[in-house]
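For reference, the structure is listed below as C-alpha cells.
The values are calculated or read from the model by the stated rules, or taken from the named source; none is laboratory data. Since the model is a prediction, treat every value here as computed from it, not as a measurement. When we count neighbours, we look across all protein chains shown, and the Cβ atoms used for this are built from the backbone with ideal geometry, even at glycine. Note: areas computed on protein heavy atoms with side chains; ligands, DNA, RNA excluded. Shrake-Rupley method; radii C 1.70, N 1.55, O 1.52, S 1.80 Å.
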Amino acid sequence: MDDEHESPIPGEGPSAVPATSVSICEPDMLTLERLNFARQESLESGVGDAEFVTKIDSDELARQAKELSSKVLSKKAGGAAPSDDETPKSKRSLLVESVLGGAKSDQHKKHKKGAFAGVFVPTCENMWGVLIFLRFYFVVGQAGILQALLCVLISFTAAFCTTSSMSAIVSSGGLVSKGGPYYMISRALGPSVGASVGIMYWLAITLLAVLEVLGAVEALLMAAPSLNFPGCKQAFGSGFMAVLVLSVWGGTNFVTKLGIFFVLIVFYTMGSYYAGIATAPLTEAAQANPWVTGISWDTFQKNWGPHYDSETNFGVVLSVFFPCFTGILSGANRADILKDPPKNIKDGTFGAIIFSFFMYSSFFLLWGCVADYRYLQGKEYYSDNNSTDDHHRRLAAGAGEHLVEEIVWNPFPNSAHIGIIISSLSQALQCLIVAPRLLQNIARDKILTIFDRIAPLSKHGEPVRALACTYIFGAALVLIGEVNAVAPLLTMCFLVAYTFMNFSCFVLTYVRSPGFRPSGMSRRRWRIWYMCTGLLGSLVCLSIMIIVSQLWALVALVTSFCLYLYINWRLEQAEWGSALDGIRYQLALNSLIQLEESGHHAVNWRPQVLVLYRIHLSEELKGIKHHEILRFYSYLRKGNGFACVACVLESDTKDEHAMHKASIEKDVIKSIMREEQIRGFAECVVAPSWSEGVNYIIQLSGIGGLAPNTVLINWPSKWKSHPHKAQEFLSVVTTALAAEKSVLAVKGLKDMPLQAVVGTIDVWWMIHDGGFMILLSWLLLQHRMWRQCHIRVFTITEGVSEERAKNAAKLLAETLRNRRLFDVDVEVVIVDDEMIQPYTYDWSLRVDQRHKFVQQLHGAQGLNADAIPLEIDDLFKMEEENASDAGNNHTPTGTLKPVVSSKEGTTGQVAVCDLRAASECPDISEHASKHIADWKHDTAPVKLEVQKSSTKERPALAAQAEWDRVASFTKLNDMIARRSKRSQLVVMNMPDIWSTEESEVNHFMTYCDTMTKGLDRVLFVHSSGHEVFEIG
C-alpha cells in the first residue's frame, strides 16, 4: 500500500496563495468562491467611483451569503449547515495528492512487470478458484455438455466485453489508468455512481474471499470426514478467515513472495485433474462403478443434454460457474507495478480470459466423456437397484468427495484435497489484500463521511482500518456456510460492477469526451468497436443477472440505486467530471438546436420569463426580504416554463473585485430562487448603469430555444420624484420589444396577496393583445393563489353599433366556451376615438407585422377561423363572418347559441356599454359577484391563436400642446375603476411607446397612471406579436 496520504501537496505550502471554498451540501448548489482578500484590499482602491461596490466589504458579503444559503438548505433538507472546519484539504487536493503520491511511489519501484508476470499470471490465479475443482462436474451433470458450454460462452462474452471496456478506459490516461476499477467507474460516471458501484465491487471481492474460504472448508471435510459436526463449516470458515486477515495485517510483502508457490500449487492441482480424467478409471473404486466409463463417445452423447433435478435449473448452474470469470480486473488492481499499464493490462487480461475459455471448455468436455451424469451429480451406484432414489442422492455442495478420490490423480493420499485447500486459501488471501485497498480508496475520496475513519493508513502504509472493516463483513458472510448460497450473491455484485464499467465505456465513446482518449479513438471503426462492446457487455451482464435470479438481480440493482441516491444526497460537489455530464451536454445541445427550430410551434409556447430583479443585498443578508416580483412570477409556474432572474451591479469599473461581488449577488439570488421554489437560472452583470446592464441582459440571456420570450419588470411607482426611473423603464420596454420579447409590468407588487383570494381577474382588452392576456389570466387561475377567482373580459372598441358589439360579445363568450375557458363574462365598451388614442397609434403597422408573422408560420391561409382573436379587428371580422353564415342559413343575425358556463344552469353574461351616449350601460359586476358565491372552478385547456384581420388607419395621437385638454382619459378611468375597483387583479394591455423623449416619457407614464388610478394591482401586458400558443 502506497503512502499517498503523507505526500506534501504542491501549492499548499507557506508560499502558496491561500484559498478556501465554501461548499453547500447539495449536488445542485454552487460554491461561493472566496478570493485572496490580502490582494483584494489593494484592488479596492481602484474602484472608488463605484459607490455600490465599495459600500459593502467582500469578506462580509461572502460570509453572509454563505450563511443565507446554509439557512435555505437547512429549511429544505432539515440538516445542519456545513461547517467551516472541513476546509483544510479539498477533494481536488486529495486527488492531486493521490496521483502525485502514486507517481512518487512508482519512481521507487525498480522492478516493473510485464503483461505475463504482472497481469496474465495473477488474473489466471484469481479466476482459477475452488469452483473448477468442486463444481465443474456438478455443472456438467446437471446442465449437460451443451448448456455447460453455453454457460462458458455467455460468461466469456461478458468478460470479453468488460475487458475491452477496461482496456479502453485504462488506455485513456490520467487517474483512470492508475487507480484501478473504482477509479475507472468513479471518474467516468461520476462520484455518486462510482462510489455506489465501488461499494458493490468491494462487497463482491469480499464475497469471493468467503467463497474460496468455504471451498477450502469443503475440501478439508472431504479429506477428513471425521471433522464433520453441526456448524463445522461456519467454525472452520471463521478460523480460516481470521488467519488470513492476520496474515494480511502482518504485511503483504511476505504474501507476495508466496505468489509463485501458490501458482505452482494451482497448476499442480489442475494437472492432477487432467491426469485423472485422462486415465480414468484408474482407482479400484472407479473401476467397480459402471457409471465411470472413462473417455467414451457413448457417455458424451448421453451427457449432451440437460438432466436437471427439481432444485436446479440453468440459472443455478450459471450462477455457480460465472465466478470463474470474476478475476479479470486483477490487472487493473496492479496497474502501478506494470511497465506499460494500458498495453500490459489489455494483452494480459485478454490472454487470460481466452486461455481460460478454452481450459474451462476442455474441462466440461472431459467431464462429459468420463462418467455418467448421475455420477457427476453426486449420486451413488447400487448394484441391486439402479433407481435414483432421493435417499441415495448426494448434492454437489460437498457430497462429491468420492469423485475427487476415485477419478482425480492422487500421487499420495489426499494430495488433490491439499491442493484444493491451498489454492482456495491463496485466492482468498489475494482478495483480502485487494478489498481493503479498494475500500480505503473510496474512503480517501471523502465521498461518505461514514468512511472517513477508514481512510487513514498505518505508519507502514497499510489500510489496517479498512482491513478490519472487511474482516467484519467477511466474518459475517462466512456464516452462510454454503458455497452454492454464496455464489449467486457474488455473481450479482460482480455483474453490477461489470455492467457499469461497460456502460462507462459506451457513454464516454458516445459523447466523445475530450478526457477519454483510448487508442484508436480518432478512427471510426474503433469508436464503433468501443460502443458496441460496451453496450453488448452491459446487456449481457444484465441478462445474466436476470437469468440467475430475478429476485437477487432486483435486490442488487435496488441496493446500488439506493446507495446512489444516498450518496448523491450527502455528497458535496465533486472535483472531477462525469460521463453523465457529457450525456446531459449532448442531450441538451441537441435539444436546444431542435427547440430553436420548433420554438414557434403552437403547442410549444410557454412563459420563459426574464425577471429583472433589483436585489437589496445588504438587507437581504440581514433577513429583510424583497421577493415580491419573484413571488409574482411563481404564479405563472403552471405554464411549465422557466425563469432567468437577472440583476445589475452598477459599477464604473469591471475589475476582479466587482466581478467577485457580482458572483456573490448571483449566489444570493440562487438561494432566494430555491427558497421561493423557482426553477431557472440566475445572472448578474456589471454595468455602469442599470438600464445599460438590462440592455446587455435582454440581448444575451438564454441560448437557442431556451432564450426568454417574456420580460417581467416592476412598474416604477415613484417615477415622478425620480424621473430617471421612468426613462429607464421605457428604455427597457423598448429594448425588450425590439428583441421580440413580451413585456409584463406589475404595478402594486407590494399589495399582492400572500394567501388564496376570492374575487375576479378583470381583463381590459384595448385593441391589442386580447388572446395573450386571456392566456396569462388562465395561467394565473392554475395557481392556488388565484384558483378561486373568476375571469371577466372587458373589450374596448370604437366605431361600431351596439348590435354588432353585442353580437361580438356573444361570439367571444361562445368561443371561450368552445375552448372550455368556463365562466367568462364579456362586456364590450364602445368609446370615442380620443379615449384610446395611445392604443390606436400606429395601429396598422403593428397589425401588418402580426399578419406577416402568422403567414410565415402557417402560409397564406393563416390560422383557423375558430381561434381566439388577438386583435380587436379579428373579433369583429369573426362577427362579420358569423353574421354572413347566419344570413346564408336564414338565421336572424343577432341569434347565437346560448353561452353556457361550467356551472349547470348559469350562462356567461354579455353586456354592451356605449360611453358615447348619455344612456346608462349595464354593469355585469352584480352577476359576477353572484356567480363567484357558488362558483366551482372546472377549467380545461384553451387554444389561443390569432385570426388574420383587416387593417384600418386610425387617428393620430393628440399633439403635445393638446395633451392636457384630453379629458376623455379620465372618463375612461372612471369607467374602469367603477367596474374593477374591487377586483383582485386587473390585466391591461400597455399602449405602444410613441416616443422616448423626456417630455413624451412623462406623458406616457401619466397616461398609464391615469388609466389605472384607483386600482390596487395591475398587470400591464405588451405582446411581441409572435405569440402563437395553446393551453393544454
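Listed values, structure above:
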| quantity | calculated |
| --- | --- |
| Extreme residue, positive dipole direction of the stretch 613-734, given options 708, 632, 668 (C-beta unit charges) | 632 |
| Built amide H within the under 5 Å cut-off of residue 760, gap 5+ | 790, 984, 985 |
| Environment charge of residue 293, counting only residues whose C-beta is closer than 10 Å and scoring Lys/Arg +1, Asp/Glu -1 | -1 |
| Solvent accessible area, Å² - residue 525, 1.4 Å probe, full protein context | 150 |
| Estimated vicinal HN-Hα couplings, Hz - the stretch 531-538 in sequence order (Karplus 6.51, -1.76, 1.60; Gly, Pro = x) | 5, 5, 5, x, 5, 4, x, 4 |
| Tensor-based shape of the stretch 605-700 (alpha-carbon gyration tensor, a/c under 1.5 rounded, otherwise prolate or oblate) | oblate |
| Summed residue charge, Cβ within 13 Å of residue 730's Cβ, Lys/Arg positive, Asp/Glu negative | -4 |
| Shape category assigned to the stretch 719-818 from the gyration tensor of Cα positions, a/c cut at 1.5 | oblate |
| Integer Hz, Karplus 6.51/-1.76/1.60 couplings in order for the stretch 484-494, x for Gly and Pro | 5, 7, 7, 4, x, 4, 4, 4, 4, 5, 5 |
| Accessible area per residue in Å² at 1.4 Å probe, computed on the stretch 488-562 | 48 |
| FRET E, pair residue 354, residue 679, Förster distance 51 Å, beta-carbon r, rounded to 0.05 | 0.45 |
| FRET efficiency, residue 117 to residue 232 (Cβ-Cβ, R0 51 Å, nearest 0.05) | 0.85 |
| Alpha-carbon centroids, the stretch 759-811 and the stretch 664-711: separation in whole Å | 31 |
| Inter-centroid distance (Cα atoms) of the stretch 987-1015 relative to the stretch 213-246, Å | 92 |
| Chain lengthening between residue 1000 and residue 300 when straightened (0.36 nm per residue, less Cα-Cα) | 241.7 nm |
| Charge context of residue 128, other residues only, Cβ under 14 angstrom, K/R +1, D/E -1 | -1 |
| Area accessible to solvent at residue 667, 1.4 Å probe radius, in Å² | 10 |
| Most positive-pole-ward Cα, 457, 491, 427, against dipole of the stretch 420-546 from beta carbon charges | 457 |
| Links that overshoot a 30 Å alpha carbon limit, given the list 661/1013; 806/1013; 233/446 | 661/1013; 233/446 |
